[in-house]
1. Cβ-Cβ under 7 Å, sequence separation 6+ or interchain: first residue in the stretch 77-103 and over 19 Å from Lys120 (Cα atoms) and in contact (Cβ under 8 Å) with a residue 12 or more places away in the chain, partner open to solvent by 30 Å² or more (accessible area, probe 1.4 Å) and part of a strand (DSSP E or B). Which pairs?
2. Which residues, taken from the stretch 241-299, are among the aromatic types (Phe, Trp, Tyr) and crowded, with 24+ Cβ neighbours inside 10 Å?
3. Among the residues that make up the stretch 69-76, is at least one of them in a loop (DSSP other than H, G, I, E, B), touching a residue at least 24 places away in the same chain (Cβ under 8 Å) and either open to solvent by 70 Å² or more (accessible area, probe 1.4 Å) or farther than 24 Å from Asp139 by Cα (or both)?
4. Could you tell me which numbered condition Leu635 fails, if it satisfies all but one of (1) out of contact with any Leu (no Cβ under 9 Å at 6 or more places or on another chain); (2) at negative phi; (3) open to solvent by less than 10 Å² (accessible area, probe 1.4 Å)?
5. Going by the conditions given, is Ala650 aliphatic (A, V, I, L, M), surrounded by fewer than 16 Cβ atoms within 10 Å (Cβ to Cβ) and closer than 26 Å to Gly530 by Cα?
6. Return the residues of the stretch 199-215 that are open to solvent by less than 50 Å² (accessible area, probe 1.4 Å) and either among the aliphatic types (A, V, I, L, M) or part of a strand (DSSP E or B) (or both); say none if nothing qualifies.
7. When you look at Pro266, is it more than 41 Å from the chain's Cα centre (by Cα) and under 24 Å from Asp306 (Cβ atoms), yes or no?
8. Scan the stretch 615-633 and report the pairs whose first residue is closer than 21 Å to Cys671 by Cα and whose second residue is open to solvent by 40 Å² or more (accessible area, probe 1.4 Å) and assigned to a strand (DSSP E or B), with Cβ atoms within less than 9 Å and a gap of 6+ or a chain change.
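The values are calculated or read from the model by the stated rules, or taken from the named source; none is laboratory data. For clarity, every value in this text was computed on a predicted model and none was experimentally measured. Every residue, glycine among them, receives a Cβ derived from its backbone with ideal geometry; neighbour counts consider all protein chains shown. Keep in mind that these areas ignore ligands, DNA and RNA; they rest on the heavy atoms of the full protein, side chains included. Shrake-Rupley method; radii C 1.70, N 1.55, O 1.52, S 1.80 Å.
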Amino acid sequence: MFVKTQNSVKRAIVRVCAAVLSCVCLLYCLPADQMSGRSLADNEPMGTIIVDSANVRNNPGTVNTTVIDVVRNGTRVTLGDVATVSGDPSGSNVWCKISYKREGDGAAITGYVVDSFIAKDADINADPNFETEIASFPDSYKTYLRTLHKNHPNWHFSPVNALKDFDTTVSVQSRIGVSLIENSVNDAWKSTEPGAYDWNKGTFTPYDGQNWVNASKAVVMYYLDPRNMLTEDGVFQFLNLSYDARYQTIDSVRGMLKGTFMENKPLTDWNGNAITYEQAFMIAAEKTKANPVFLAAKVLQEVSADGSDSVSGNYYSSYYKRQYTNLYNYFNIGASSDSDPVAKGLAFAREGFKNPDGSINTEKNKEYYLPWTTPYRSIRGGSKFIANAYMNAGQNSIYLMRFNVIPKDSSQFGSHQYMTNIRGAASEGKKMYNAYLKAGILDTELTFSIPVYSGLPEKACLLPRESGNPNDYLKDLSINGYVLTPAFDPTITEYDLVVPASCATIHIDAHPASDKAKVSGTGDVTIGNGVSTIKINCVAENGSSKVYTLDVARNTESYDNYFATTLPSEGSFLGGIEPGTTVGTVKSMFTLTDGYTLTYVNMNGQAKDDSTSVCTGDLVEITDASGKKVYICALFIRGDANCDGKVSAADLTIISRYILGIGSLTEAGKCGADANNDGKVSAADLTLISRYILKLGTITQ
């Protein structure tokens, strides 16, 4: 009995060891990019979200269900049952149950997403030949490529190395005027870098007409990152654009033009014969060896499905005060960013290429069928230009035309780009996909050349959330009847104000730089004795906030509790200072009570060196042991109205403007302007200061 039991235990131990060894082998056999997040304990099936964002619903389908969360690209999820919902209005009939930890708070979420939004680990290594084909891609690309291959086995993918690393490329593509986006998008997607956005006015700088502004760096990163484009339709921006008569038929072009201004519309060829637009694109493709579907997609990207002034044949530019008749530019060649880019493009259609001396380059214009006085000439000439200038220069995909990151000539890295629209390549790629889909040639042999960057982030770059405008600056801040110290500057958030004892209420006016921000803390504010601290809060549309602090000194109590001084006082101001007196000398005239500290600053709130001269408007701030301001007084020199520490002709000018009602004085400046100490600022003060400057009189400080 004992022997049997002992042998049973041994056999059990062997089984456990074998199971452990099996798990270890399984762990080491998994691809490195799939190990993270897998539960080895119960071998739960896992997957990765491969779309920008996916709604997570409490039940499968979109009818009578609720969105409980939104899961983002790259999120690892545990997979549950798959449910089929017939006739769902969204068109998504297959849903998968998922579980995951929510980004941010780590909450456990369980719900349903569209099944095709997930790349499932079970599909890995399903096709060994394909794994060999994509072996040179980074692991972070492979999840997306496997899903594409599962749905389209005849598609092929080849990596091409970008000239520079990802961060460098982002910096180049984020330069002012290089990557633009529609001004109508959420402000979180627009650049707020210098030159792209005026923080003081809350306005974005247009760089192409009035409708295109600079895209934010995060948006540039998103559209530049190839992993975000490895979707069913997005991948077509990497399609090799060479002409292949086997797959690029007139039917595929017809599918592209369906529902556009070119559908079933005739035009005339060189000989005046009537042909269709799809015939024109096929002829252009045969001559240039460019994909005709791409040529049609490029035109639609430039002039839209409804057409534009560039192809109307009759356009008047109110900016240039010029009429453009019988001129066409289907590819918008030469229509660079300008106050009227259409006019620039039509001017190119009329005049074409020019020599360095400004004369017309007749030979080159002939090569490209310029001037473009008919739609056919524009399509033929524009197609040839695109093929020669871009495709034959190594920019053989829509992506590379937009982002020239693998140039034949390294000096053209990040330049020689067909468009500035940051979303242009993605948009044209989807048009190409739809044309192939409509023509029924989606599953033919297609080759996609996909750029690979060194230094890519571990996960695909996400689009920023549409959180709104980030501007939390004030445009202005003023106190009715008083002048702030320092003068208002949106970047300065701390201010001082000294008011007389008779002032018990001040009125604060403040407005945000952005009309999408909100301001609180303004209006009539009651102030007490001593120093009152007032907070004015500016909250941006995206929730960020900036607090402006105003320390108002209403020194109605004696300052004997804080310090003693030999300087005579005039309300909340201290005078008796001769021009040229140093800061150190004035500081020596103060004796502080134990526990209090004196800080000497200029009217802009900056500390002054003891060797510098005193100026009207300089502040002496007294703080207690806790660092709280308990007293503020301003210094003044009689005759120094402009606060530069001297008595000169400049003071005469500023006082004259004040008397005439066309200028202002700070509160301390008013004390300085009252040179004769009669409590007023008048012509008598001008006379006394003039005599002082001419050394014919003195000013009693």
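1. Qualifying pairs under 7 Å: Glu103/Arg72.
2. Tyr277, Phe281, Phe294
3. no
4. That leaves (1) as the condition not met.
5. no
6. Of everything in the stretch 199-215, those that are open to solvent by less than 50 Å² (accessible area, probe 1.4 Å) and either among the aliphatic types (A, V, I, L, M) or part of a strand (DSSP E or B) (or both) turn out to be Phe204, Asp208, Val213, Asn214, Ala215.
7. Yes, satisfied.
8. Hits for this filter: Leu619/Thr599; Val620/Thr599; Glu621/Thr597; Glu621/Thr599; Glu621/Lys629; Cys633/Ser569.
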